[in-house]
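S.K.: Structure incoming, see below.
The values are calculated or read from the model by the stated rules, or taken from the named source; none is laboratory data. Bear in mind that the values here come from a model prediction, so they are computed numbers and not experimental data. Cβ placement follows ideal geometry from the backbone for every residue including glycine, while neighbour counts extend to all protein chains displayed. These area figures cover heavy atoms from the full protein model, side chains too; ligands, DNA and RNA do not enter into them. Shrake-Rupley method; radii C 1.70, N 1.55, O 1.52, S 1.80 Å.
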Amino acid sequence: METYPIPMVPGPVRVPEEIRQVYLKDYGSGDLEPEFLDLYNQTEANLQKILQTQNRVVIMTGEGMLALWGALKSTLRPGDRVLSIATGVFGYGIADMARNLGAQVKTVGLPYDETIRDWEDIDQVIQTFQPKMITVVHCETPSGTLNPLAELGRLKKKHGVPLLYVDAVSSVAGAPVEVDAWGIDLLLGGSQKALSAPPSTSFVVVSERAWEVIHEVGYIGYDALQPFSTAQRDFYFPYTPYWHGVAALHTATELILREGLDAVFTRHDQVARFCRQRLQEIGYELFPAAQAIPSPTVTAVKVPPFIPWEALDRRARQHGLVVGGSYGPLAGKVFRLGHMGSQANMELVTRALDVLETILRK
Ligand code: PLP
């Protein structure tokens with residue numbers, strides 16, 4: 001089925017009408033028309049507000065993985081030391097990606113149902129390993145968890161680590177992300193999670209230090225960040241700009257700023273709390289460990305022992321509900337409700353939980 005009346009997949013999420021409308025316009029060439037540059041600059045300014053940063057934002061054509069790869073390839077050389085803090089599929093995955101690029105990677109790994117707690121251990125590892133880059137995931141979507149990052153930013157500054165790389169694909173616009181206060185040098189985001197646009201654009205917030213490293217490394221490729229350092233100044237983008245995609249991202253950021261950042265975060269928080277509480281009342285077991293921080297954008301739930309994931313998924317779909325499965329070691333064991341962006345909606349989540357209750361009763 002193409003569309004479901006109760007969409008709860010943790011991205012791509014339901015696209016609001018106002019964002020869908022921008023795709024109906026027949027835009028000219030983003031390479032030629034100054035209106036495109038204005039739109040790009042306004043979108044950058046809106047993202048800077050949402051992400052609480054003065055740093056420049058690179059907006060790329062393609063979904064989240066493009067930003068994840070582009071930022072690594074643009075800043076790492078073989079042999080560079082990378083400390084990867086991993087609490088789930090994407091945290092361990094980013095460590096593998098950096099290793100693939102020839103980096104010397106050390107992983108501080110935790111079980112998939114945990115979030116970072118032992119700052120002393122991380123402090124020690126940074127001191128002895130002296131990494132060029134620390135990588136971490138803010139919201140581990142497959143686990144439904146949210147890592148606290150302010151303390152990591154403090155440790156990064158304390159030890160003079162050049163680069164802090166943060167995958168916030170699933171938290172941007174659903175939970176506070178304070179790029180400058182947390183000392184983040186490369187912040188990765190995508191359009192189809194809490195921003196509620198189609199999976200068409202990704203973005204990287206790049207600090208001054210990160211620009212220096214990008215120029216030192218000089219990586220050339222489709223996903224390279226370097227050409228974006230002058231793209232706006234010279235109105236010369238490295239490839240044909242995706243006007244529809246940037247317009248969708250722009251409208252998405254406008255909707256968020258119009259609602260107000262605090263209101264948006266409160267809405268996510270309230271819906272997530274309600275979702276977790278009601279799931280447990282119905283008889284489901286949450287996946288994150290009791291001491292872990294659950295994400296306000298996605299809830300991960302254990303597949304009940306008496307119903308295989310495939311059957312649960314099939315029955316949910318029969319009731320018009322579509323949820324997400326999970327990945328890696330969590331595949332078949334965990335399913336997820338994505339209450340992010342347009343889906344952080346009390347009425348929608350209530351309908352989803354009603355279906356899940358019916359399935360469990362039967
Ligand atoms: N990082 C996280 C935490 C994600 O949840 C995802 C997608 O689910 C990605 C990166 C990759 O994004 P995309 O699927 O848009 O390439």
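S.K.: Of 68, 337, 348, which is the most mobile in a GNM of the chain whose springs link Cα atoms less than 10 angstrom apart?
M.R.: Comparing 68, 337, 348 in a Gaussian network model of the chain, the most mobile one is 348.
S.K.: Can you list the residues of region 42-64 with backbone N under 15 Å from a point 7 Å past the Cα of residue 215, pointing along Cα to Cβ?
M.R.: 56
S.K.: With the chain treated as a Gaussian network of Cα nodes joined by springs under 10 Å, which of 185, 313, 269 yields the largest mean-square fluctuation?
M.R.: The residue that fluctuates most here is 313.
S.K.: In nm², what is the average projected area of the convex hull enclosing the Cα atoms of region 318-362? Mind showing how you got there, number by number?
M.R.: On the way: hull surface 14.9 nm².
With the hull built on Cα positions only, its mean projection is 3.7 nm².
S.K.: Amide H of residue 164: which non-local residues (sequence gap of 5 or more, or other chain) have their own amide H closer than 5 Å, using H built in the peptide plane?
M.R.: Counting only residues 5 or more places away or on other chains, the set is 134, 185, 186.
S.K.: Given the rule -39500 (n - 2.57) for each run of at least 4 DSSP H residues, summed and divided by the residues of the chain, what is its mean residue ellipticity at 222 nm, to the nearest 500 deg cm²/dmol? Walk me through the numbers on the way to the answer.
M.R.: Working: 12 runs with 148 residues, N = 362.
My calculation for the chain gives -13000 deg cm²/dmol from helical runs alone.
S.K.: Still on this structure, please answer the following. Would you tally the net charge around residue 208, using a Cβ to Cβ cut-off of less than 10 Å, leaving residue 208 out, and scoring K and R as +1, D and E as -1? It would help to have the intermediate numbers written out before the result.
M.R.: Values: positive: 56, 209; negative: 185, 212.
Once all neighbours under 10 Å are counted, the net charge is 0.
S.K.: Viscosity 1.002 mPa s, temperature 20 °C: give me the Stokes-Einstein translational D for region 269-362 in µm²/s, with Rh taken as the Kirkwood radius over C-alpha pairs.
M.R.: Numbers: Rh = 13.3 Å.
Value of D from the Cα-based Kirkwood radius: 161 µm²/s.
S.K.: Right, another one. Assign unit charges at the C-beta atoms only (+1 for Lys and Arg, -1 for Asp and Glu), then state the dipole size of region 60-169 relative to its Cα centre in Debye, rounded to the nearest 20. Could you put the intermediate results ahead of the total?
M.R.: Working: 11 positive and 12 negative charges, 120 e Å.
Here region 60-169 has a charge dipole of around 580 debye.
S.K.: Can you grab the distance from the C-alpha centre of region 187-266 to the C-alpha centre of region 124-162, Å, no decimals?
M.R.: 22
S.K.: Now for a different question. Charges only on Cβ, +1 for Lys and Arg, -1 for Asp and Glu: so what's the dipole of region 302-349 about the Cα centre, in debye to the nearest 20? Intermediate results must be reported in sequence, preceding the final value.
M.R.: On the way: 6 positive and 3 negative charges, 28 e Å.
For this selection, approximately 140 debye.
S.K.: Mind putting together the pair-distance distribution for region 113-249? All Cα pairs, 5 Å bins, whole percent per bin, short to long.
M.R.: Spelled out per bin, shortest first, that is 2, 9, 17, 19, 19, 17, 10, 5, 2, 0.
S.K.: Quick one: pull the percent of accessible area on the chain belonging to carbon and sulfur, 1.4 Å probe, ligands and nucleic acids left out. Walk me through the numbers before you get to the answer.
M.R.: Details: 7520 of 14740 Å².
On the chain, the fraction of accessible area on carbon and sulfur atoms equals 51 percent.
S.K.: Something else about it: Say we join alpha carbon atoms closer than 10 Å with springs in a Gaussian network model of the chain; which of 40, 239, 327 then has the biggest fluctuation?
M.R.: 239
S.K.: In whole Å, how far is the Cα centre of region 78-102 from that of region 288-362?
M.R.: 29
S.K.: Now for a different question. Which one, 145, 34, 64, is farthest towards the positive end of the dipole of the chain when Lys and Arg carry +1 and Asp and Glu -1 on their Cβ?
M.R.: Of 145, 34, 64, it is 145.
S.K.: Normalising by the residue count of region 276-317, find the relative contact order in percent from Cα pairs under 8 Å and 6+ residues apart. All intermediate terms of the calculation are to be shown ahead of the outcome.
M.R.: Details: 21 pairs, mean separation 13.5, N = 42.
The value is 32 percent.
S.K.: Let me ask you something else. Extent of region 23-93 along each principal axis, from alpha carbon coordinates, in Å, largest to smallest?
M.R.: 44, 25, 24
S.K.: What aspartates and glutamates sit close enough to residue 157 to cross-link, taking a C-alpha to C-alpha distance under 18 Å and skipping anything fewer than 8 places away on the same chain?
M.R.: The reachable aspartates and glutamates, counting only those whose Cα sits under 18 Å from residue 157, are 118, 120, 121, 123, 178, 180, 185, 208, 212.
S.K.: Roll a 1.4 Å probe over the protein chains and send me the accessible area per residue for region 244-302 in Å².
M.R.: Working: 2430 Å² over 59 residues.
Accessible surface, normalised per residue, equals 41 Å².
S.K.: In the chain, which whole DSSP H runs stretch at least 20 Å along their own axis (Cα) and average 0.0 or higher on the Kyte-Doolittle scale? List each step's numbers first, then the result.
M.R.: Details: long enough: 34-50 (24 Å, -0.68); 243-259 (24 Å, 0.29); 261-282 (32 Å, -0.49); 346-361 (22 Å, 0.68).
Sorted by number, the helices that extend far enough and score high enough are 243-259, 346-361.
S.K.: Say the dipole of the chain comes from +1 at the beta carbon of Lys and Arg and -1 at that of Asp and Glu; which of 7, 292, 264 then lies farthest toward its positive end?
M.R.: Working it through, the farthest residue towards the positive pole turns out to be 292.
S.K.: Determine the dipole magnitude for the chain: charges of +1 sit on the beta-carbon of Lys and Arg, -1 on that of Asp and Glu, nothing else is charged, the reference point is the Cα centre, and the result goes in debye to the nearest 20.
M.R.: On the way: 33 positive and 40 negative charges, 179 e Å.
My answer is approximately 860 debye.
S.K.: Something else: Over the chain, calculate the relative contact order: mean separation of alpha carbon pairs under 8 Å at least 6 apart, over the residue count, as a percent. Walk me through the intermediate numbers first.
M.R.: On the way: 753 pairs, mean separation 91.8, N = 362.
Reported relative contact order: 25 percent.
S.K.: Take the chain, mark every one of the GluC sites (Glu not before Pro) that falls in a DSSP loop and has at most 13 other Cβ within 10 Å, then report the longest stretch left between them, sites excluded. Show your work: numbers first, answer last.
M.R.: Values: sites that count: 2, 285.
Between the exposed loop sites, the longest stretch runs 3-284.
S.K.: Let me ask something else. Any aspartates and glutamates with Cα under 15 Å of the residue 333 Cα? List them, leaving off those in the same chain fewer than 8 positions away.
M.R.: Residue 333 reaches 113, 285, 310, 313.
S.K.: Now for a different question. Taking every eigenvalue of the Cα gyration tensor of region 1-158, multiplying by 5 and rooting it, what semi-axes result, largest first, whole Å? Walk me through the numbers on the way to the answer.
M.R.: Values: eigenvalues 228, 90, 49 Å².
Square roots of five times the eigenvalues give 34, 21, 16 Å.
S.K.: For a bin width of 10 Å, list the pair-distance distribution of region 201-321 built from all Cα-Cα distances, rounded to whole %.
M.R.: Calculated over all Cα pairs of region 201-321, the distribution is 10, 23, 22, 24, 17, 4, 0 percent.
S.K.: For the chain, max minus min Cα coordinate along each principal axis, in Å, sorted largest first?
M.R.: Largest first, the chain extends 61, 55, 33 Å along its Cα principal axes.
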